[in-house]
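Worksheet: the structure to be examined is printed underneath.
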Amino acid sequence: MQAGIFLNALGWGAVLPFEVIYLHSGRGFSLGVAGAVIGVVTGLAVLASPAAGPVIDRVGARATAVGGGVALAAGYAGLAAAHRPWQAFAAAVAAGVGNGALQPSQSALLAALAPPQLRHRVIAVSRVATNVGFGLGGGLGGLVAAFGLAGLVALFLGNAVSYLLYVAVLAIAVAAEPRVEPMPGGYRRVLRDGAFIWLAGINVAVIAVGWGFFSWVVPQYAHANLGLSTTLIGLLLLTDAFTVAIAQIPVSRVLEGRRRTTAIAIGAAIFAGSFLLIAAVGRIAAGAGYGALLIAAIAIGIGECFHTTALMPLVADMAPAALRGRYMAAMGLSWWIGLALAPTIGTRLLAVSPAAALLPAAGLAAAAGLGAVALGRRLPAAISRTPRPAKPARELSRQ
């Protein structure tokens, strides 16, 4: 499954930083229309993700992930062929539905296949697979995008192929998760879980800033306002991704035995500081400015490590096994709300001024960190800390 995650991330990482650039500069759409198309890709997931929850709980996470991958492949192939806004919006609908199904089903499958005391490490390994693929894809995407419109179209088609490869790996090489008895109540149980709803709200803010703004708004800012080439923009994404690949497993081990909400708060604080630095780049000389962006990319990668080590294992521990699909889908909804807000609102704020986009992003991250600290007081002791896995018998025998 980690191999499939890598293939998926390779294609997505190659295309993600250049989605707005492709639609705006390559197809001639206005910046507002380009941002709205990408907003549909993420925004429709807001509708599709809750619908995926009951499907995961009834037919299984693996089958749901396969369907989501097929829809994403169709959507990105359609975007590659789009010449008019209506065509792009139609393709974005398919991709958005696929996004809504894929993320929660993949998370539910990982949580079901991993023992509880090792979930944070399994998530850490999946993040490494994702970010190595994403980073290699971002670096490759920057080189391919340098060929102009033909290169940008190739990136979208390549992403569609990567989703099909991911589907093939899931269908052939990954076992279905164990089935559990259904539980009545459905989403009513989820909505009555106040601590979970609070956590989902925090996640909306963190994802909008740390993932959405950095993936869509910062590349456009660097390209249009700072004059950076697509190759250099790709290297920024590569730096972020490889920071996660290197730091994710060490961070997950450091956080064992520590409060999960503290980890989320530290990640949010790192995002806030990084966007203050990015906002200051426009006042720095070009060479030093790119160096500052690289520092911000490294910091954001470390912030991601803190956030993801805590988040999804905490959701898995909060959820009854029979409702894990719904819990993961509800948290997936919070991811996609954050990602939908970033290109839709962020590009419009960027059109006003860089400060109008970047300074509110820093403030939103800081507020999310404070919310995580407050949430820590509400969590039961049994799930508030990242577990320390028991040492293997062979290691104990040596001591």
Taking only Cα atoms of the stretch 22-97, the Rg to Rh ratio with Kirkwood Rh works out at 1.07
If R0 = 51 Å, then residue 117 and residue 280, at their Cβ-Cβ distance, give a FRET efficiency to the nearest 0.05 of 0.75
Cα extents of the stretch 214-352 along the principal axes, largest first, in whole Å, come to 53, 32, 23
Whole-Hz Karplus couplings 3J(HN,Hα) for the stretch 97-113, θ = phi - 60° and coefficients 6.51, -1.76, 1.60, Gly and Pro as x, run 4, x, 4, x, 8, 6, 4, x, 5, 5, 5, 5, 5, 4, 5, 6, 7
Net charge near residue 375 (other residues with Cβ under 11 Å of its Cβ; Lys, Arg +1; Asp, Glu -1) is +4
At the level of C-alpha centres, the distance separating the stretch 41-76 and the stretch 287-349, in angstrom, is 18 Å
Residue-normalised 222 nm signal for the chain, counting each DSSP H run of n ≥ 4 as -39,500 (n - 2.57), nearest 500 deg cm²/dmol, is -27000 deg cm²/dmol
The answer for residue 385, listing residues at least 5 apart or on another chain whose modeled amide H is closer than 5 Å to its amide H, is 260
Applying the gyration tensor rule to the Cα atoms of the stretch 145-238 (axes a ≥ b ≥ c; rounded if a/c under 1.5, else prolate if a/b exceeds b/c, else oblate), the class is oblate
Simple SL model, points at 7 angstrom along Cα→Cβ for residue 149 and residue 191; separation in nm is 4.8 nm
Highest mean packing first, using Cβ neighbours within 10 angstrom, the peptides 83-92, 126-135, 361-370, 326-335 sort as 326-335, 126-135, 361-370, 83-92
For the stretch 290-305, in residue order, the Karplus 3J(HN,Hα) values (coefficients 6.51, -1.76, 1.60; θ = phi - 60°; whole Hz; Gly and Pro = x) are 5, x, 5, 5, 5, 4, 5, 5, 5, 4, 5, x, 5, x, 4, 4
Note on the stretch 35-161: alpha-carbon gyration tensor, axes a ≥ b ≥ c; rule is a/c under 1.5 for rounded, else prolate if a/b larger than b/c, else oblate; result oblate
Once residue 181 and residue 258 are pulled to full extension, the length gained, defined as 0.36 nm per residue separation minus their Cα-Cα distance, is 24.5 nm
Within the stretch 230-270, the residues whose backbone N lies under 11 Å from a label point placed 7 Å from the Cα of residue 292 along the Cα-to-Cβ direction are none
Each label sits 7 Å from Cα toward the beta-carbon; between residue 370 and residue 352 the label points are separated, in nm, by 2.1 nm
Plugging the Cβ-Cβ distance of residue 382 and residue 359 into 1/(1 + (r/R0)^6) at R0 = 51 Å yields, to the nearest 0.05, a FRET efficiency of 0.80
For the chain, longest principal axis from Cα atoms; helix 149-173 axis from its Cα atoms; angle between them, nearest 10 degrees, is 20 degrees
Other residues with Cβ under 13 Å from the Cβ of residue 251 give, with Lys and Arg +1 and Asp and Glu -1, a net charge of +3
The alpha-carbon pair-distance distribution computed for the chain, with 10 angstrom bins and whole-percent values, is 5, 24, 35, 25, 9, 2, 0
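Computed from the coordinates by the stated procedures, all read-outs in this text should not be read as laboratory data. Predicted model only: the values in this text are computed from it and were never measured. We place every Cβ from the backbone using ideal geometry, glycine too, and count neighbours over all the protein chains shown.
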